[in-house]
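K.L.:
Just dropping this structure here.
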Amino acid sequence: MDFDLSDDQRLLKDSVDRLVADKYGFEARKAYSAEPDGWSRAIWAQLAELGLLGLPFGEEYGGYGGGPVETMLVMEAFGRGLLLEPYFATVILGGGLIRSMGSAAQKTDILTAITNGKRLLAFAHVERHSRYDLADVTTTAMRDGQGWLLNGAKSVVLHGDCADQILVSARVSGGQRDRAGIGLFLVDAKAAGVTRRGYPTQDGLRGAEITFANAMAEAVGEPEAALPGIEHAVDRGIAALCAEAVGVLASMHELTLDYLKTRKQFGRAIGEFQVLQHRSVDMLVGVEQSRSMALFATVTADETNPVERKRAMAAAKVQIGRAGRHVGQEAIQLHGGIGMTMEYKAGHYFKRMTMIDKLYGDADQHLTTLAKLGGLFGRAA
């Protein structure tokens, strides 16, 4: 298999890396977080100008027509910069759901607006009792004429406080944990019956608690058979998160190496002490193993067999989660007290890494899933 990037992919990587280096320094990020939305509308406009908001969408929507590899390159760069903007919520999750499940009219309207930077989406699926089970849904949808009425509540909706439209998983029929009977619905964030409470998350991004009380919505795809499409979109999201995690992990490692080379103790740079060299090498091993598993998740993101795809995502999430904890803890410890301060980058990287581990199942959850599926390659016949 050829792992070399094409010319177009190298150009994409260079342009995104340059944007992050020029516009997303640590001090600039702090300034963006103080803006009313908690992120920069100006940066969002630049992402639109560069074509990054249309990266996964077809040319008929003004997009780039890129695949999982292009998404991986962008997300890794965003991980290095700790971007605050709702790229994951709008482009990867929301746009991904519309691209794979929406009608022709919905795709033309929404994907074109996302590409132009004129539409923000959020995906509301977590409920307080559901944890990591996408089929555990009690929010209900009832047909009302040509539309649907939504009732229920969703938690930790990423960037749900600033979204223009919200994609909501809701139950049309069946019991609380039945796989059948779940639909995907699109609701205007400012519609009657929609209440939002936004808040900052631990990693500096934004989340929201959203309640629906007879909120009018429209269906996206088949109203009672949306779960497989939702699971596939979430798997693509996991692959993107793994790529972002590689950027975070690599930055923590590089930051720690620089500190070991400059911090002096007993008249010598502490990086000269062999025990600290061994620990930094262990960090590098974790970074490179995570890079390999993120690439594996990327090339498997469009796998049509849901079991094989789930195995790949679970394996990648296990590696990313465990490496994230190890590399993050080592980065903090090797920096000493400075690693815990809000004024220094190391702690912010570790916070983001911790949130990535928790999103859509932590390492322990996915290890259990992998065991139930018979391991990465399945049980022998």
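Nothing in this text is a laboratory measurement; each read-out follows from the coordinates by a stated rule. In this text the structure is predicted, and so the values were computed from the model without any measurement. A quick note on method: Cβ atoms are made from the backbone with ideal geometry, for glycine too, and the neighbour counts reach across all protein chains shown.
K.L.:
Are there trypsin sites (Lys or Arg not before Pro) in segment 180-236 that DSSP marks as loop and that have at most 16 other Cβ atoms within 10 Å, and which are they? Please list the in-between numbers first.
P.N.:
Working: sites: Lys190, Arg196, Arg197, Arg206, Arg236; in loops: Lys190.
Counting only loop positions with at most 16 other Cβ atoms within 10 Å, the trypsin sites (Lys or Arg not before Pro) in segment 180-236 are Lys190.
K.L.:
How much length is gained on full extension from Lys372 to Asn214, taking 0.36 nm per residue of separation minus their Cα-Cα distance?
P.N.:
On the way: separation 158, 0.36 × 158 = 56.88 nm, distance 3.90 nm.
Going from the current span to full extension adds 53.0 nm.
K.L.:
To continue, here is another question. Would you list which lysines come within 22 Å of Lys107, measuring only between C-alpha atoms, while excluding same-chain residues fewer than 8 positions from it?
P.N.:
Straight-distance partners of Lys107: Lys118, Lys190.
K.L.:
A follow-up question, please. Using the Cβ atoms and a cut-off under 14 Å, what net charge is assigned to the surroundings of Val16, where Lys and Arg are +1 and Asp and Glu are -1?
P.N.:
Working: positive: Arg10, Lys13, Arg18, Lys23, Arg80; negative: Asp8, Asp14, Asp17, Asp22, Glu49, Glu70, Glu76, Glu85, Glu244.
That sum, taken over residues with Cβ under 14 Å, equals -4.
K.L.:
Expressed as a fraction of 2.2 N^0.38 Å, the rule-of-thumb size for a compact globular protein of N residues, what is the C-alpha radius of gyration of the chain? Let's see the in-between values first.
P.N.:
On the way: Rg = 21.1 Å, N = 381, 2.2 N^0.38 = 21.0 Å.
After normalising by residue count via 2.2 N^0.38 Å, the value is 1.00.
K.L.:
Principal axis extents for segment 166-228, Cα atoms only, whole Å, descending order, please.
P.N.:
Principal-axis extents of segment 166-228 (Cα, largest first): 35, 27, 19 Å.
K.L.:
From the backbone phi of segment 301-314, what are the Karplus-calculated ³J(HN,Hα) couplings (6.51 cos²θ - 1.76 cosθ + 1.60, θ = phi - 60°) in whole Hz, Gly and Pro given as x?
P.N.:
4, 9, 4, 7, 7, x, 5, 5, 5, 5, 4, 4, 5, 5
K.L.:
A further question on this structure: Under 17 Å between alpha carbons, and skipping anything fewer than 8 positions from Lys317 in its own chain: which lysines qualify?
P.N.:
Output for Lys317: Lys351, Lys358, Lys372.
K.L.:
Can you check what the net charge comes to around Ala208, using other residues whose Cβ is under 10 Å from the Cβ of Ala208 (Lys, Arg +1; Asp, Glu -1)?
P.N.:
Details: positive: Lys154, Arg196, Arg197, Arg206; negative: Asp161, Glu209.
Net of charged neighbours comes to +2.
K.L.:
Still on this model: Sort 3-11, 137-145, 210-218 by packing, meaning the average of other beta carbons within 10 Å per residue, with the highest value first.
P.N.:
Values: 3-11: 10.6, 137-145: 16.8, 210-218: 19.6.
Ranked by mean Cβ neighbours within 10 Å, highest first: 210-218, 137-145, 3-11.
K.L.:
Please list, in order along segment 329-336, the HN-Hα scalar couplings obtained from phi with the Karplus expression 6.51 cos²θ - 1.76 cosθ + 1.60 (θ = phi - 60°), rounded to whole Hz, x for Gly and Pro.
P.N.:
My calculation for segment 329-336 gives 5, 5, 4, 5, 5, 6, 7, x Hz in order.
K.L.:
Relative to the compact globular guide of 2.2 N^0.38 Å, what is the alpha carbon radius of gyration of segment 7-119, as a ratio?
P.N.:
Working: Rg = 13.8 Å, N = 113, 2.2 N^0.38 = 13.3 Å.
Rg over 2.2 N^0.38 Å, computed on Cα atoms: 1.04.
K.L.:
Give the separation of the Cα centroids, segment 311-381 to segment 18-40, in Å.
P.N.:
Measuring centre to centre over Cα atoms gives 25 Å.
K.L.:
Go through segment 232-244 residue by residue and turn each phi into a ³J(HN,Hα) via Karplus (6.51, -1.76, 1.60, θ = phi - 60°); whole Hz please, and just put x for glycine and proline.
P.N.:
Values, residue by residue: 5, 5, 5, 4, 4, x, 4, 4, 5, 5, 5, 5, 4 Hz.
K.L.:
Averaging sequence separations of C-alpha pairs under 8 Å and six or more residues apart, then dividing by the length of the chain, give the relative contact order as a whole percent. Before the final figure, lay out the partial values.
P.N.:
Values: 694 pairs, mean separation 53.4, N = 381.
Computed value for the chain: 14 percent relative contact order.
K.L.:
Same structure, new question: In what sequence, highest mean first, do 156-165, 12-21, 369-378 appear when ranked by Cβ atoms within 10 angstrom?
P.N.:
Details: 156-165: 22.6, 12-21: 17.1, 369-378: 13.4.
Sorting 156-165, 12-21, 369-378 by mean packing, highest first, produces 156-165, 12-21, 369-378.
K.L.:
How big is the Cα convex hull of segment 122-225 in projection, averaged over all directions, in nm²?
P.N.:
Computed as one quarter of the Cα hull surface, the answer is 6.1 nm².
K.L.:
Could you give the C-alpha radius of gyration of segment 208-344 expressed as a fraction of 2.2 N^0.38 Å, taking N as the number of residues it contains? Could you put the intermediate results ahead of the total?
P.N.:
Details: Rg = 20.7 Å, N = 137, 2.2 N^0.38 = 14.3 Å.
Against the compact-globule rule of thumb, the ratio is 1.45.
K.L.:
In addition: What percent does the relative contact order of segment 252-325 come to when contacts are Cα pairs within less than 8 Å and at least six residues apart?
P.N.:
Values: 46 pairs, mean separation 18.2, N = 74.
Relative contact order of segment 252-325: 25 percent.
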